[in-house]
Amino acid sequence: MSNASPTVYAVIEGRRFARDRVLAWEAERLPAAASKIGLPVPAGELGGRRRAFAESKLALGAEEIKRRLARDLRAGAIAANASTWLSRGRRATSVCELHVVGGSANDFVQWFDDTSRDDYADSMTAAHPEHFLIQALPDGRQEVIETTGGSHLATRFLVDYSDLSTLNTPRSPDADAEAAGVAVNGKGIHIGGVRHEFRDVPGGFHARLCVEFPRATSPRMLSEHRRHLAIEFSNWVEFAFGTAL
């Protein structure tokens, strides 16, 4: 990857948000995430706080994270199962777009998909304060524990990037690369999915980031999750193209 830092801005529901606005959203979420996982809030500038908080979460390990969040995970599973049942296969989407100067669609997706990278766990965890655990499982699925959108609960789910069977969002014909797959709960029930698409443009690329939730999901959660997407993917773009974590 190039060492040149890309420039990124987000577009949500037609409104443009500069990088500093998205960084402010990230800083706002850090204290809540630290409180939920029982860790201190790091001091200093945001980049240093991001690294320190990610290192603290990684040092806990997967089992301790699950132990600390056990009550949330039980309640979150009940809520997700209920909204999935009520929705009966219908979906609502949360969409954010990124415009990136620098890099390319395929290079980004190759970086994102490469679970063998030495910094995989670091970069996945550091991208958002409310990423408590993101790891690649031996079966190829991605295990995620995070606070999704405007929820007060941390939830656990698995993303299977080899399975597109229950996605409702069709692939755009002009997409040059994508990261797409279904999301399942611990019992294997399909609770949603992602279709993140990337298209090369002169000087960089455009991303359309789409998460499918059960149709019964509250509008507030869908709205707040757009900010979640802006935070995590803006950071991932910078990590992918040479900006230090």
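The values are calculated or read from the model by the stated rules, or taken from the named source; none is laboratory data. On a predicted model such as this, the values are computed, not experimentally measured, just so you know. For neighbour counting, all protein chains shown are included, and Cβ atoms are generated from backbone atoms with ideal geometry for every residue, glycine included. Note: areas computed on protein heavy atoms with side chains; ligands, DNA, RNA excluded. Shrake-Rupley method; radii C 1.70, N 1.55, O 1.52, S 1.80 Å.
Quick rundown of the values:
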read-out	value
Matching option when the condition is over 19 Å from ARG90 (Cα atoms), more than 12 Å from the chain's Cα centre (by Cα) and part of a strand (DSSP E or B), among PHE205, PHE213	PHE205
Of all residues in region 172-184 being open to solvent by 20 Å² or more (accessible area, probe 1.4 Å) and in contact (Cβ under 8 Å) with a residue 24 or more places away in the chain, the one that is farthest from the chain's Cα centre (by Cα)	ASP174
Residues that are open to solvent by 20 Å² or more (accessible area, probe 1.4 Å) and closer than 18 Å to VAL100 by Cα, drawn from region 196-219	ARG199, ASP200, VAL201, PRO202, GLY203, HIS206, ARG208
Some residue of region 56-63 being without any contact (Cβ under 8 Å) to a residue 60 or more places away in the chain and farther than 30 Å from ILE189 by Cα	yes
Count of region 24-73 residues which are part of a helix (DSSP H, G or I), surrounded by fewer than 13 Cβ atoms within 10 Å (Cβ to Cβ) and not hydrophobic (A, V, I, L, M, F, W, C)	7
Test for GLU224: is it open to solvent by 30 Å² or more (accessible area, probe 1.4 Å), under 20 Å from ARG15 (Cβ atoms) and under 18 Å from the mean Cα position of the chain (by Cα)	yes
Where a residue in region 128-152 is farther than 22 Å from ALA79 by Cα and its partner, wherever it lies, is of a type in the set (S, T, N, Q) and crowded, with 21+ Cβ neighbours inside 10 Å, with Cβ under 8 Å and at least six apart	HIS128/ASN235
Hits in region 74-114 (condition: within 24 Å of ILE189 (Cβ to Cβ), polar (S, T, N, Q) and either touching a Cys at 6+ places or on another chain (Cβ under 7 Å) or open to solvent by 30 Å² or more (accessible area, probe 1.4 Å) (or both))	ASN81, THR93
Number of the condition not met by TRP236 [criteria: (1) touching a strand residue (DSSP E or B) at 6+ places or on another chain (Cβ under 9 Å); (2) within 27 Å of GLU26 (Cβ to Cβ); (3) not in a loop (DSSP other than H, G, I, E, B)]	(1)
